[in-house]
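S.K.: Pasting a structure below so you can have a look.
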Amino acid sequence: MAELSLRNLDKIYDNNVQAVFGFNLDVKDGEFIVLVGPSGCGKSTTLRMVAGLEDISNGQLIIDGNDVTRMPPKDRDIAMVFQNYALYGHMSVYENMAFSLVLRKESKNVIHQKVLAAAEILGLTDQLNKKPGQLSGGQRQRVAMGRAIVRNPKVFLFDEPLSNLDAKLRGSTRREIMLLHKRLKATMIYVTHDQTEALTLADRIVCMSMGYVQQVGTPLELYNTPANIFVASFIGLPPMNLFDVKVEDGKLKNDLFEVSLDSEQQNLLKDYVGKEIVLGVRPENIEPGSDVKATVVNVENLGQNTLVHMHVGAKRVVGKFRGWCKYNINEEITVSFNKMHFFDKETTNAIR
Amino acid sequence: MTNEDKIIRKDRLRFEKNKLSSGLTYLAILFNVFYFVNLYAFYNNNYYYNIKIGASIVYNLLFLLFAFLSSEGVKNYKINMSIILIVIGVLQIVRIFYIPLQAHSTMVIIDQVERPVMLTGQFIFEVLCLIASCVSAVVAGAFGVIRTLQLKSRYAEIEAEKNNA
């Protein structure tokens, strides 16, 4: 296993389009890092630069103290699992898993032992004689992972490995990846646009947008203390509700509501008195109360929770209420915010 | 080779095709093709214009058919296909005595010169092709039988281990 250091990585394509800007990250040995962000944010490009599939335009990639920036992919000792599995259809599962070791001219007995061990870990022992075409999507992805495991690489890279699977299979395969990481204690970098995968799998999440790193932190840090409006609205489902408000007289005010601030919050916002800021409230931090008037426009009962879509003035707001709630469409209700996040309106950064 | 290595080697058979036997069978087919292409290659005063020519063509087709089917069967550890390979391999030796030897020991007059229907050089080539084809097929079949029995015993061991567990 290995430590990685990505220092000021830039990716500039031949047509001068820059996909990644100054990416910095230190990955500890055995850490599970998830790169998350919307499509086109540069997360897959970054992963491909680590794998050596894309040239690094500027910056340095260091693995275990060795500069591998210009090293060809085969010499980096990195295994990558792709979204589309990339299995050989004419080979059996056993042959697919053994293939990289055959290319390395390892002894057949060693290959056999490694493949059986990987198959055991992944629950593929009964499938070894089958062709990929005879397997389900989840099994195929496990074969792809098995092919990576047998190589015992320094770093595992996953490029949206669950995107081709249906929701149920995605959940079970996600848990398998989690168990696999615990078992192998391997350094893993995982790319996804699915925040559920990011929050459940990661030791640390790197949230990206437009080629820039927006925040690096544990899932809880990103959820509880988002660095800016982008992270706040990207992490969390449904996304955070955002309001333009003015800080005045110990309160947050706009045309539609006033919310009182406690002394700690007033102290935090003392430099913003008389100025406009952005107030962020997660749907789960909205509860029936007395501060803000809203009109119910839609109700989605999810069993344990109810998503209540409301209009606060012209602003659409989502609340996630506990339990099974019954509201009528167009019913007037009042709600309160039990936890608030504050963002600078100009920089979009969190006010801390 | 340690005992553990032997067990692993045997266990590998569960997931590896018998490519050795399959390859040897293709080699047997190749030598047979060399044999047959050269069999009627030289002018011989119409010596072969009888039932032999048809019989040899039909047998050659049968050999190709069974050898090809066996190459696939033996690759997947089918013991009956291995036995067929051994049989058609042995029959290659029998073929030496059917046309090549008879043609070599029969004299004809061509251009007022008496000579064997099949000259010595051609005869040796044909015999070597058939021997090579025979050896390839018999060895392929023998490996097929041995490996199939090894595989069966391995499955029996696994079954016994499961039952004991």
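Rule-based calculations on the coordinates, nothing more; no lab input. The structure displayed is predicted, hence computed values, not measured ones. Cβ coordinates were reconstructed from backbone atoms using ideal geometry, including for glycine residues, and neighbour counts include every protein chain displayed.
S.K.: Using Cα pairs under 8 angstrom and six or more residues apart, how large is the relative contact order of the stretch B:17-164, in percent?
M.R.: RCO, the stretch B:17-164: 38 percent.
S.K.: Could you give each residue of the stretch B:49-65 its phi-based ³J(HN,Hα) in whole Hz, using Karplus coefficients 6.51, -1.76, 1.60 with θ = phi - 60°, and x for Gly or Pro?
M.R.: 6, 8, 4, 4, 5, x, 4, 5, 5, 4, 5, 4, 5, 4, 4, 4, 4
S.K.: Further question: Need one number for the stretch A:159-232: average projected area of the convex hull over its C-alpha atoms, nm².
M.R.: Taking the Cα atoms of the stretch A:159-232, their convex hull projects to 5.3 nm² on average.
S.K.: On C-alpha positions alone, give me the angle between the axis of helix A:137-150 and the longest principal axis of chain A, in degrees, nearest 10.
M.R.: That works out to roughly 60 degrees.
S.K.: Using Cα centres only, tell me the gap between the stretch A:160-220 and the stretch A:129-152 in whole Å.
M.R.: 19
S.K.: OK, next. Looking at the stretch A:241-344, how many pairs of lysines come closer than 21 Å at the Cα, when each pair is eight or more places apart or spans two chains?
M.R.: Counting lysine pairs in the stretch A:241-344 gives 24.
S.K.: Let me ask another. Over the stretch A:241-344, what is the relative contact order in percent, taking alpha-carbon pairs closer than 8 angstrom and at least six residues apart?
M.R.: Relative contact order of the stretch A:241-344: 29 percent.
S.K.: Just how large is the dipole of the protein assembly as shown about the Cα centre, in debye to the nearest 20, putting +1 at every Lys and Arg Cβ and -1 at every Asp and Glu Cβ?
M.R.: Magnitude of the dipole: close to 1920 debye.
S.K.: Rg and Dmax of chain B, Cα atoms, in Å?
M.R.: Cα radius of gyration and Dmax of chain B are 21.2, 83 Å respectively.
S.K.: Same structure again: With +1 on each Lys and Arg Cβ and -1 on each Asp and Glu Cβ, how big is the dipole of the stretch A:4-234 about its Cα centre, in debye rounded to the nearest 20?
M.R.: Charge dipole of the stretch A:4-234: 720 debye, to the nearest 20.
S.K.: Can you put A:His112, A:His193, A:His90 in order, fewest other beta carbons within 10 Å first?
M.R.: Ranked by crowding around the Cβ, least crowded first: A:His90, A:His193, A:His112.
S.K.: Determine the distance separating the Cα centre of the stretch A:41-62 from the Cα centre of the stretch B:51-92; give it in Å without decimals.
M.R.: If you average the Cα positions of each part, the centres end up 57 Å apart.
S.K.: Still on this structure: Among A:Leu242, A:Leu256, A:Leu165, which one moves the most in a GNM of chain A with springs linking Cα atoms closer than 10 Å?
M.R.: So, out of A:Leu242, A:Leu256, A:Leu165, the one fluctuating most is A:Leu256.
S.K.: Which one, A:Phe21, A:Phe32, A:Leu6, is farthest towards the positive end of the dipole of the stretch A:4-234 when Lys and Arg carry +1 and Asp and Glu -1 on their Cβ?
M.R.: So the residue we want is A:Phe32.
S.K.: Nearest 10 degrees is fine. How inclined is helix A:167-184 to the longest principal axis of chain A, computing both from alpha carbons?
M.R.: 60
S.K.: As a footprinting exposure proxy, order A:Val297, A:Val150 by other Cβ within 10 Å, with the fewest listed first.
M.R.: A:Val297, A:Val150
S.K.: Where does the charge balance sit around B:Ala67 when Lys and Arg score +1, Asp and Glu -1, over other residues with C-beta under 15 Å from its C-beta?
M.R.: Its environment carries a net charge of +2.
S.K.: Which one, A:Asn15, A:Asn224, A:Asn24, has the greatest fluctuation when you compute a Gaussian network model over chain A with C-alpha springs under 10 angstrom?
M.R.: A:Asn15
S.K.: Separate question: Specify the angular offset, from 0 to 90 degrees and rounded to the nearest 10, of the alpha carbon long axis of helix B:120-164 from the longest principal axis of the alpha carbons in chain B.
M.R.: Here the helix axis deviates by roughly 10 degrees.
S.K.: Along the charge dipole of the stretch B:17-164, Cβ charges K/R +1 and D/E -1, which of B:Thr106, B:Ser133, B:Pro116 sits furthest on the positive end?
M.R.: Of B:Thr106, B:Ser133, B:Pro116, it is B:Ser133.
S.K.: Quick one: what are the phi-derived ³J(HN,Hα) couplings along the stretch A:31-37, Karplus 6.51/-1.76/1.60 with θ = phi - 60°, whole Hz, x for glycine and proline?
M.R.: So the J values, rounded to whole Hz, are 7, 10, 9, 10, 8, 10, x.
S.K.: Find the relative contact order for chain A and round it to a whole percent, using C-alpha pairs within less than 8 Å whose residues are 6+ positions apart.
M.R.: Dividing the mean separation by the residue count of chain A yields 16 percent.
S.K.: Rank these for me by crowding, B:Ser82, A:Ser57, B:Ser21, going from fewest to most other beta carbons within 10 Å.
M.R.: With the sparsest Cβ surroundings first, the list reads A:Ser57, B:Ser82, B:Ser21.
S.K.: Would you mind counting up the charge near A:Ile205? Only other residues with Cβ under 14 Å from its Cβ, with Lys and Arg at +1 and Asp and Glu at -1.
M.R.: Once all neighbours under 14 Å are counted, the net charge is -3.
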